[in-house]
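To keep things clear, I will list the structure first and then write my remarks on it.
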Amino acid sequence: LRGDKGQFFTPRELIKAMVRIANPKSGDKIVDPASGTGGFLVESFVHIKKNESKPEKNIGLLGLEKDEDIQRLGGAMLEIATDGCGQISLTNSLDINEISKLSPSPFNADIVLTNPPFGSRIGVKDREILKQYDLGHEWIFDQNNERWIQQESLLVSQDPQILFLELGIKLLKPGGLLGIILPEGMFGNKKSSYVWDFVLKNCEIEVLIDCPRTT
């Protein structure tokens with residue numbers, strides 16, 4: 001099922017590690033905006049059942065997926081594996097106007113866990129999408145004040161993982177937790193430093209984990 005749109009199906013042990021760190025509990029709303037076949041959501045359900053003797057029934061698991069074949073497969077697997085506690089909606093996750101109409105809503109999530117598509121070759125160029133994101137705009141560095149300043153002009157193209165990073169933040173309720181897999185280049189590339197400036201203004205970074213290249 002792996003396509004040509006930058007999908008990377010996440011190794012199960014990495015999913016388990018991220019879920020253990022996030023430590024979801026019954027009553028939490030858990031969202032994956034690039035859910036694929038629903039690995040993070042299924043593992044979150046397994047984690048809750050394993051760690052709570054009498055988990056509440058209101059476990060909210062919601063995935064978003066734009067590929068119809070993967071959404072159908074993932075939705076069926078999630079329905080079976082979570083006793084009907086989860087669903088995957090067919091939608092363009094990056095279109096905030098579109099996902100705002102979904103029921104149940106993916107917003108105000110307690111936890112967002114995701115492995116977004118990577119790659120400059122599949123950059124997002126749709127201006128209607130880009131204008132919905134701060135990181136869809138151009139940024140310039142103010143040397144005098146040593147800070148990045150967002151511009152009104154839009155980028156010609158933005159890597160999808162950067163938009164998914166901002167989307168993950170937007171989906172969270174205050175105090176919520178985002179766990180996201182990102183390519184290593186984002187952390188050392190000076191051109192990406194405006195991204196981390198944005199993140200640090202909106203969040204606290206709790207932990208960074210470096211994975212083997214073969215992951």
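The values are calculated or read from the model by the stated rules, or taken from the named source; none is laboratory data. Owing to the predicted nature of the structure, the values given are computational and were not obtained by experimental measurement. We place every Cβ from the backbone using ideal geometry, glycine too, and count neighbours over all the protein chains shown. For the accessible areas, the whole protein counts, side chains as well, though only heavy atoms, and no ligand, DNA or RNA atoms are used. Shrake-Rupley method; radii C 1.70, N 1.55, O 1.52, S 1.80 Å.
Tabulated values for the structure
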item	result
Some residue of the stretch 127-137 being farther than 17 Å from Ser93 by Cα and at pLDDT below 95	no
Subset of the stretch 103-114 [in a loop (DSSP other than H, G, I, E, B) and either acidic (Asp, Glu) or at pLDDT 95 or above (or both)]	Ser105, Pro106, Phe107, Asn108
Which numbered condition Pro183 fails, given (1) closer than 19 Å to Leu14 by Cα; (2) at pLDDT 95 or above	(2)
Top-ranked residue of the stretch 115-147 - restricted to ones that are assigned to a helix (DSSP H, G or I) and of a type in the set (Asp, Glu), ranked as farthest from Phe164 (Cα to Cα)	Glu128
Filter result (open to solvent by less than 30 Å² (accessible area, probe 1.4 Å), more than 21 Å from Ile59 (Cα to Cα) and not in a loop (DSSP other than H, G, I, E, B)) within the stretch 75-102	Ile96
Selection count, the stretch 20-62, where residues are without any contact (Cβ under 8 Å) to a residue 40 or more places away in the chain, under 16 Å from the mean Cα position of the chain (by Cα) and farther than 12 Å from Cys85 by Cβ	2
Residue that is farthest from Pro24 (Cα to Cα) [pool: residues in the stretch 167-180 that are open to solvent by 30 Å² or more (accessible area, probe 1.4 Å) and touching a Ser or Thr at 6+ places or on another chain (Cβ under 9 Å)]	Ile180
Selection within the stretch 27-68 - assigned to a strand (DSSP E or B), closer than 17 Å to Ile15 by Cβ and of a type in the set (Gly, Ala, Ser)	Gly63
Residue that is of a type in the set (A, V, I, L, M, F, W, C), assigned to a loop (DSSP other than H, G, I, E, B) and under 22 Å from Leu64 (Cα atoms), where the choices are Leu165, Leu182	Leu182
Filter pass, Phe40 being under 14 Å from Asn115 (Cβ atoms), hydrophobic (A, V, I, L, M, F, W, C) and open to solvent by 30 Å² or more (accessible area, probe 1.4 Å)	no
The stretch 134-166, subset free of Cβ contacts under 8 Å to residues at least 24 places away in the same chain and open to solvent by less than 40 Å² (accessible area, probe 1.4 Å), residue farthest from Leu178 (Cα to Cα)	Asp142
The stretch 185-215 - residue that is closer than 21 Å to Phe141 by Cβ and part of a loop (DSSP other than H, G, I, E, B) and, of those, least open to solvent (accessible area, probe 1.4 Å)	Cys203
Candidates Lys125, Lys49 - the one that is open to solvent by 70 Å² or more (accessible area, probe 1.4 Å) and within 24 Å of Phe198 (Cβ to Cβ)	Lys125
Count of the stretch 148-162 residues which are in a strand (DSSP E or B) and among the small types (Gly, Ala, Ser)	1
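Residues are listed down the side, and each one gets a yes or a no for (1) under 16 Å from the mean Cα position of the chain (by Cα); (2) under 20 Å from Met18 (Cα atoms):
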site: Glu166; (1), (2): yes, yes
site: Leu172; (1), (2): yes, yes
site: Phe187; (1), (2): no, yes
site: Tyr194; (1), (2): no, no
